[in-house]
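**Student:** Take this structure, written in structure tokens, and hold onto it; I'll ask about it next.
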Amino acid sequence: MGDDKKTRVLLIEHNEGQAKALRDVLDEAATGSDFNMEWTDKFAHGMERLEKEGFDVVLLSLSMPNKKGLEVLNELRELHTTVPVVVLSDTRDQDVDEAVQNGAQDFLVKESIDAKRLVQSMRYAIDLKRAEEALKEASDRLEAATTRLEALANHDPLTECLNIAGLERALQHEFERARRGGWNLVAVLLDCDDFDRINAQLGHGVGDVVLKEISKRMKETVRPTDHIARIGSDEFLLLLPDTRFAEGMLVAEKIRLSVAESPLRLASETIRVTASLGVLALPYEFCSIEEVLSLVRLAVRESKLLGKNRVSSGEKHKRQGQPDRDALEELTEKLRKGDCFRAVSMPILHLADEKLVGYEILSRGPEGAFEMPVDLFRVSVEYNLLTIVDLRCLKTCLTAASTDPKFNNDSRLHVNLFPSTIIDTPIDRLMTLFPADPEEGKFCIEISEQQFIGDPTYLRDHVQELKRRGVHVAIDDVGFGRSSLESLIILEPDIVKIDRKYVSGIAQEPTKERLLRRLVKVVNALGSDLVAEGIECREELELLIDMGVTYGQGWYWGKPN
């Protein structure tokens, strides 16, 4: 067997006699010919040889001149991290565990070393070191893969900007920092002008090139600490931490000039691209991306109306010969500011004894045509304001809950939210609107089944998290049919509220009464509390008690006030 096949061993031992004894022990081993041991009596010389030559394992004596115990091991490990080391000790008093913790693969006492144990120890050290290196390599690969997956999960693959998920994380982080430090946070929305025309005339491949170039120019304009996200086909949202509003306007203007100043030169086309931008200073109480977008899109809309390729702050410019605002513009401005809402309430009673057990706190919009929720939320959807209006209504109701004396009792308080708002708003942010550490079951969030979109499974994790935080969840406006049953089974609500249209008239309509009795049996089997809405007369109340419905509300006890 040639020397190139042998395991190379470097022995660092100050005592020549002990070094010779170790060599003799190795030669005695039946497999000793598999090893080539080289010896040096000086630690520094051993370090030089390790630097220049390749050794498979080091036998290191802890008894070296001017070195105390594990000091030699620590120094070796600082200089050479990859070579396996077997520590040799004169006595059993030295700490085996400490040697291993400091980087040795094994520990031997010189006086008890025999050929078999020495060979086993060196092979064990080599195998262990290889395993450690393999594990480290696998761990590094896993970490790199995790980093890549996280990047894919949080970044847009085309532009390498953040996606919605990544932006949500950035917004959450920056809101927390801004609130702690009292800093300003500014949002800038960029919308490419006439981008559909580029896609239609030149193809989506060219459109992709344009988007990549726009994102590149934005990245070159803003600071490394700013966040850029692609949030639509040709929309980008920027978050500018620790930025005053006036500074945000200047940054937006720089981005606009950067996008517009140099035409994009392709193989056969020269394309001039412009963008309309909106700027918004974010107050600390905002909760979600949708809420931010609802507001900043108003500013972009103003840029578009004023001729595109400009920056706006959302303040409506007066145009000569035209009224300042039409009715809907005035309404959306009121909704955006959020100072036009008020709260009313309806009692929830235990039907058998008509004892008060809670209140549903309801919101009302500005006086006039859009005061009632149906009309208010319809116009909110039309103007992309649903999430912000829904959250403002929630805040109004919770403020009333904490300030109105009639709620200062043990009554349960119900408030309403759209499913889309629950999805769009991180639960941690949503809970900041409620009193800190609310009593278990004090608050109940009602989610209307009629607002579900398809399979309600997408709401399950959010519902479970709300329940974990001590907030009860009710499914409102429940009726008959397969979708209702699926919603109740999937979401496991604490409370089920029967839609008023299935309660009203049950005293005069036997068919409706029979259907309602079946629904009551299903809900009772699921273990949820049952509340009947829309009770308007004594006959309906008595029938519901007979069916086993425990709670109810309706105009029989008065209108919301």
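Derivation of every value follows stated rules applied to the coordinates shown; laboratory data play no part. The model shown is predicted, which means the values in this text are computed figures rather than measured ones. Heads up, the Cβs are rebuilt from the backbone with ideal geometry, glycines too, and the neighbour counts pull from every protein chain shown.
**Student:** Would you mind putting 102-114, 226-238 in packing order, based on average other-beta-carbon counts within 10 Å, highest first?
**Tutor:** Listed from highest to lowest mean packing, they are 226-238, 102-114.
**Student:** Determine the shape class of the range 3-134: with a ≥ b ≥ c the square roots of the Cα gyration tensor eigenvalues, call it rounded for a/c under 1.5, and otherwise prolate if a/b is greater than b/c, oblate otherwise.
**Tutor:** Verdict is rounded for the range 3-134.
**Student:** Under 20 Å Cα to Cα from Lys512, which lysines show up? Leave out anything in the same chain fewer than 8 places away.
**Tutor:** The reachable lysines, counting only those whose Cα sits under 20 Å from Lys512, are Lys497, Lys501, Lys521.
**Student:** Sorted by packing (mean other beta-carbon atoms within 10 Å per residue), highest first, where do 336-343, 49-56 land?
**Tutor:** Averaged packing, sorted descending, gives the order 336-343, 49-56.
**Student:** What is the ratio of the Cα radius of gyration of the chain to 2.2 N^0.38 Å, with N the residue count, to two decimals?
**Tutor:** Compared with the compact-globule rule of thumb, the chain sits at 1.50.
**Student:** If amide H atoms are built 1.01 Å from N in the plane of the peptide, which residues on other chains or at least 5 residues away come under 5 Å of the amide H of Asn309?
**Tutor:** Amide H neighbours of Asn309, under 5 Å, 5+ apart: Ala275, Ser276.
**Student:** I've got another one for you. Around Phe107, which amide H atoms from residues at least 5 apart in sequence, or from another chain, sit under 5 Å from its own amide H, with H modelled in the peptide plane?
**Tutor:** Val87
**Student:** Sticking with this structure for a sec: Of all GluC sites (Glu not before Pro) in the range 407-468, which ones are in loop regions per DSSP and have a Cβ with at most 16 other Cβ atoms within 10 Å?
**Tutor:** Counting only loop positions with at most 16 other Cβ atoms within 10 Å, the GluC sites (Glu not before Pro) in the range 407-468 are Glu439, Glu440.
**Student:** Place a point 7 Å from Cα of Asp114 in the direction of its Cβ. Which residues in the range 5-46 have their backbone N less than 13 Å from it?
**Tutor:** In the range 5-46, the label zone of Asp114 (backbone N under 13 Å from the point 7 Å along Cα→Cβ) covers 29-30.
**Student:** Ranking request for peptides 125-134, 57-66: highest mean number of other beta-carbon atoms within 10 Å first, then the rest in descending order.
**Tutor:** Listed from highest to lowest mean packing, they are 57-66, 125-134.
**Student:** Now, a different point. Distance from the Cα centre of the range 121-159 to that of the range 491-561, in angstrom?
**Tutor:** About 59 Å separates the Cα centre of the range 121-159 from the one of the range 491-561.
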